[in-house]
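K.L.:
Please see the structure below; I have some questions.
The values are calculated or read from the model by the stated rules, or taken from the named source; none is laboratory data. If you're wondering where the values come from, they're calculated on a predicted model, not measured in any experiment. With ideal geometry, Cβ positions are generated from the backbone for all residues, glycine too; neighbour counts draw on all protein chains shown. Just the protein is used for accessible areas: all its heavy atoms, side chains included, with ligands, DNA and RNA removed. Shrake-Rupley method; radii C 1.70, N 1.55, O 1.52, S 1.80 Å.
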Amino acid sequence: MFNQNFLVFLGFFQDLIKYKNIYVYPIIVGVIIGCLAPLIGSVIVIRRLSFIADTLSHFSLAGVCFGVLLAHQLADTVFENTISPIALGIVFSVIGTLLIEKLRSFYKNYKELSMPIVMSFGAALSGIFIALSGDSSSNITSSLLFGSISIVELKDFIVILVMSLIIIIFIVIFYKKIITLCFDETFAKVSGINVKLLQLLITIILAVFISISMEIVGVLLISSLMIVPVASSILVGKSFKNTCIISVIFSEVSILLGIYFSYTLSVPTGSLIVIFNIVILLFIMIYRNLIKCFKKKNTKQLDYSITIDPNTINENVDEVTEINEEDKEIVKEENLENKE
Amino acid sequence: MRIKVNDLSFSYGQKTILNHLSFSINTGDFLTITGKNGSGKSTFIKCLLKLHKIPNGMIYMDDVDINEIKKYHNIGYVPQKAEFNYEFPITVKEILSTAYQQRTYDQFYKSIVSSLNLNKFYNENINNLSGGQLQRLFIARALLIKPRLLILDEPTVGIDQENVNNLYQILKQLKNEKITIILITHDQEFAKDLYDHLLHLDEDTNYTFTTIGDDKNV
């Protein structure tokens, strides 16, 4: 059994070297996404925008499907290699952001209405583009729903690297402002931060990130990739930095395990990554509960030693002269019960 | 920072809160606003900070209509109850460092932290702080942006006497540095000798604006 597992493990690394284009790109991309997802996720969680991630991923899917359709239509022409579905996904995602903002201004009291409208519009467009692009693209589009490690090509790899670099530079430059805006919008407004512009930039960054991580994790699971590691880390984090670092570690562990097991078990990468993330979350929850129980037990023991020690109570009862007879009876009864 | 309020009126729906309010203060002045609950003290501040929309021509900062100011610079604001996101772990140090734009913690930073006695819980998660400790943290944060206008809404509520005295010393120093200060308070004894102007708002939307020294009511 052990030997068999070891051979699979070895086979993975042999394949890694042999087909490095197929495996190395996705692993590098996976590690980058694993680092960025919880960082962006933290911002989303603090600003309560979890649903926007899902909406944009669906709209971004429409862009990618449109890219696949274009590539299909332009096959055997000079433009064949110029179409990058991911780049189109990014463009659609940004359009989706602007659409959400526009729709929000129409419904002052039902601002969340804009999300399902844009989401269903994106899903509908995706369906049409998939159908128009014919059978040849069905493999690509189905893997876009749940993610696959084997579809990252060189041009997509470069797009992802460049976009990740832009996101990292953005985070480094605006780090303080982003935190101020996330935690206290009023203070951000009056202390000199252009809140509207920064909010728009954050949403665009979110849109870009969703498009680039779509291939690895899949449209349906992107928001959980950003949110579940953060959900785990806020249960154990002690400071903002500490929480972010812990969430990046959780995310990287689940991404690497997800990629490895999706290779060995031939299951979609995104599904496995999310499953590992949720397993970590469960462990953290159990750990937290155990600590809580342990602390409760300790305080209970402490209470017991103070209040239920029969001798102490007797002494106390005798010492307190003002206590009335009824109260004395009650204390003595309790005392007897405890002795029993 | 000079502030000129020109015939400011504001209402929530049918209910008028501020009615034809007019006064002006100069750079380095200390304005105290008093009045009962619901008399419009915080509403006035929100109008001033553009958290409520008001028509043009009602409030000027340094002779510029606030509606024409694209974004505010260096206004330190300590609200009565900060709408802060408390659920995500963040420490006192991290909150202060985000407000402070310089990379190194110089003497100014350290003096603010120590004068408000924040050292003891400097590395604590803010979830573990009491109301008074949080209030001191938010005052420190407002001071760290080196404000030209400092607005304090009931800053002494929940703070022990020692820290109230420290806050008084800080305000005294800021007044010497010609920083405009607006203080909303129920405690009229606090920092009484620093007042330049007193604005008293009534529940029935009347107001009195007194300049200390002149004792000339408007």
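K.L.:
Against the longest principal axis of chain B, how steep is helix B:131-144, in degrees 0 to 90 to the nearest 10, with axes from Cα atoms?
P.N.:
The answer is roughly 80 degrees.
K.L.:
For the pair residue A:110 and residue B:104, how long in nm is the line joining their label points, each one 7 Å along Cα→Cβ?
P.N.:
Roughly 5.8 nm, to one decimal.
K.L.:
Please report the net charge: other residues with Cβ closer than 12 Å to the Cβ of residue A:160, K and R +1, D and E -1.
P.N.:
Net charge around residue A:160: -2.
K.L.:
Rounded to whole Hz and in sequence order, give me ³J(HN,Hα) for the range B:106-114 from the Karplus expression 6.51 cos²θ - 1.76 cosθ + 1.60, θ = phi - 60°, writing x for Gly and Pro.
P.N.:
After applying 6.51 cos²θ - 1.76 cosθ + 1.60, I find 8, 4, 4, 4, 5, 5, 5, 4, 6 Hz.
K.L.:
What's the FRET efficiency of residue A:74 with residue A:124 using the Cβ-Cβ distance as r and R₀ = 35 Å, to the nearest 0.05?
P.N.:
That pair, residue A:74 with residue A:124, gives E of 0.90.
K.L.:
Measure up A:176/B:71; A:176/B:110; A:196/B:15; A:102/B:81; A:102/A:241 against 23 Å on the Cα-Cα distance and list the ones that go over.
P.N.:
Those over the limit are A:196/B:15; A:102/B:81; A:102/A:241.
K.L.:
In whole angstrom, how long is each semi-axis of the equivalent ellipsoid of the range B:55-126, when you take the square root of 5 times every eigenvalue of its Cα gyration tensor and sort them from largest down?
P.N.:
31, 17, 11
K.L.:
Going by a ≥ b ≥ c, the root eigenvalues of the Cα gyration tensor, does the protein assembly as shown fall in the rounded group (a/c under 1.5), the prolate group (a/b larger than b/c) or the oblate group?
P.N.:
Oblate.
K.L.:
Packing-wise, with mean Cβ within 10 Å as the measure, how do A:267-274, A:167-174, A:256-263 rank, highest first?
P.N.:
A:267-274, A:256-263, A:167-174
K.L.:
Next up: Name the lysines eligible as straight-distance cross-link partners of residue A:155: C-alpha to C-alpha under 19 Å, and not fewer than 8 places from it in the same chain.
P.N.:
Cα-Cα hits under 19 Å: A:20.
K.L.:
Sort the following peptides by mean Cβ neighbour count (other Cβ atoms within 10 Å, averaged over residues), highest first: A:283-293, B:177-187, B:142-152, B:53-63.
P.N.:
B:142-152, B:177-187, B:53-63, A:283-293
K.L.:
For the pairs A:177/B:146; B:41/B:146; B:36/B:172, flag any whose C-alpha to C-alpha distance is greater than 22 Å.
P.N.:
Checking Cα-Cα distances, B:41/B:146; B:36/B:172 exceed 22 Å.
K.L.:
Measuring with a 1.4 Å probe in the full set of protein chains, what accessible area per residue, in whole Å², belongs to the range B:17-156?
P.N.:
43 Å²
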